[in-house]
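Down below is the structure, laid out as structure tokens.
Computed from the coordinates by the stated procedures, all read-outs in this text should not be read as laboratory data. Note that the structure is a prediction, hence the values are computed from the model and not measured. Cβ placement follows ideal geometry from the backbone for every residue including glycine, while neighbour counts extend to all protein chains displayed.
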Amino acid sequence: MSIQSNIHLKVKVYWPLIKSLQTGLLLMTGFTGFISSSCPVMNWRMTLGLLGSLFLTVSGSTILNMVYDRDIDSRMKRTVHRPLPSGQINANEALLLGLTVSLLGLGWAYILMPLYALVVFGGLFIDVVIYTIWLKRRTAWSIVWGGISGGMPILAGRVLGTGRIDDIGLLFMLAILLWIPTHILTFSMRYNEDYQRAGVPTFPSQYGIVPTRLIIALSSVGAALAIGVGIYALGLSWGYLRLLAVLTSGLLGLAIVSIFRPSEKINFGLFKYASVFMLGSMIMVVIGAMP
Amino acid sequence: MKKVTVPDRLLFVLTIILASYLIVKGFSGFTETETTLLSIAMGVLVIAGLLLLLFGFEILENKAVVVVATITPLSLSLSLIVAYLPQFSLIYWVLVMAGFFAILFTRYFSSNKVAAMVLAPVHGIAGLIIFLLPVVFSLNGQAPSRFALVGVGGALFGIGGLLLAFLKSGKPLLSKETIFSILPALLVITTACFVLGF
């Protein structure tokens, strides 16, 4: 086998370790936070630095999570075919890769700005140590910490653009934190049996389906409010708030339907809509804040 | 049930982008109330595009979708009346509210036939207003000539609404497959007409 095809094979096996869609969405939030500070868009050094350092640290933390959770993954139908539980990749090799990629990302972040690096490190630490290693197997409330770590990239992007931690950055982080339950809880309802088999506590298994759906509806409203206040504070035109109101009404409508007329299809539709909602909100901030 | 194809998806995405653009850009020459009504109308198009994208054509079987879909013609026609024929605002507000609640009630508490009998005139009146008012006002010179495109969009939207309403009542004008095949293109052309017209 040629070296080229060997590398191609390696990349093909390792690529799923970084959950490219999730990483892409987090990069998008980081970019949004950066652009929201009205930094010159064509500042390529900072933009590439932001995207590169975030890509490495987010990917690194995802790989480390995958390494730690490989026993859980091997007990769940949805994840049993992932590279680590299926034995395609050696755990030590993946651990080394995760640590290297994370450190490279953090180093790059430090070169860009120490405060930015601190926020990025905060996200990585909360995600890997507090969420995955400490709380995920103990309490369903671990998703709050998962949400905080998920909100770190947008805060980090904002910090890189403004040079400080400000109210708008914290609002955007809060929006992601409140959006995470809609995303994760609809997912954990869909794969409830899987999570129970793996012994991971979730809201549906600990508190039941109806309270979980209620939390999803409330957190959707909270996320939309936080984004709305953030957009208002940024001084974007009313048109963006009108569009946000439209997207929110769709999210809320689906959340309400999922409470009163629950079905698997509605539940998964809500999961997908929540992703579209967040992506749409980020695009709005990016376009609206561009100088 | 027809599956949503890749071209269908692209057309839905385009509809969402166009309607979203119009909501963000705003409607020049319209007051705050009129802008709110027009945003609601375009917002329903955004939501419709998203739901079709996420759930496929099956979503059109849902009773709630029929009710929500009436919001676009009602809200659009109401904004036009308020803006161009303010002397009829009050009576039309009453008509719109009565029509909406009648559709809501009959959709859930009566037969398909009765529901269609209520839906058709309400849609019909709103559709005629959306079609005729912009055309007449732009021909008279009381509005810019491009405003006539709103009428064209209204007519296309009305055709789509009628096709779906008759399909729902069990007496389809075209086969379900044909309707679902032309619906994505109809939606995007309608929205493009609104964007150019406003």
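Data overview
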| item | result |
| --- | --- |
| Residue-span extension gain [residue A:38 to residue A:9] - 0.36 nm each, minus C-alpha spacing | 6.3 nm |
| Under 20 Å from the Cα of residue B:3 - aspartates and glutamates, other chains or at least 8 residues apart | A:264, B:58, B:61, B:177 |
| Relative exposure of A:66, A:28, judged by other C-beta atoms within 10 Å (fewest first) | A:28, A:66 |
| Formal net charge of residues neighbouring residue B:115 (Cβ-Cβ distance under 12 Å; K, R +1; D, E -1) | +4 |
| Anchor residue B:2: lysines whose Cα lies under 27 Å away (excluding residues fewer than 8 positions away in-chain) | A:265, A:272, B:63, B:113, B:168, B:171, B:176 |
| Positive-end residue, the protein assembly as shown charge dipole about Cα centroid, Cβ charges, pick of A:84, A:284, A:113 | A:84 |
| Per-residue Cβ neighbour rank within 10 angstrom, fewest leading, A:59, A:249, B:175 | B:175, A:249, A:59 |
| For the range A:217-284 versus the range A:87-157, the gap between their alpha-carbon centres in whole angstrom | 27 |
| Residues residue A:265 and residue A:130, FRET efficiency given R0 of 30 Å [Cβ-Cβ distance, rounded to 0.05] | 0.30 |
| FRET E, pair residue B:97, residue B:182, Förster distance 30 Å, beta-carbon r, rounded to 0.05 | 0.40 |
| Debye, to nearest 20: dipole size of the range B:6-197, +1 on Lys, Arg Cβ, -1 on Asp, Glu Cβ | 260 |
| For the range A:22-69 versus the range B:1-79, the gap between their alpha-carbon centres in whole angstrom | 33 |
| Dipole magnitude of the protein assembly as shown about its Cα centre (Cβ charges: Lys, Arg +1; Asp, Glu -1), debye to nearest 20 | 840 |
| R0 of 35 Å, Cβ-Cβ distance residue B:139-residue B:162: FRET efficiency to nearest 0.05 | 0.90 |
| Exposure proxy ranking, count of Cβ atoms within 10 Å, fewest first, for A:162, B:33, A:62 | B:33, A:162, A:62 |
| Other protein chain Cβ atoms within 10 Å, averaged over every residue that makes up B:50-59 | 4 |
| All lysines inside 17 Å of residue A:10 as judged from Cα atoms, apart from same-chain residues fewer than 8 positions distant | A:19 |
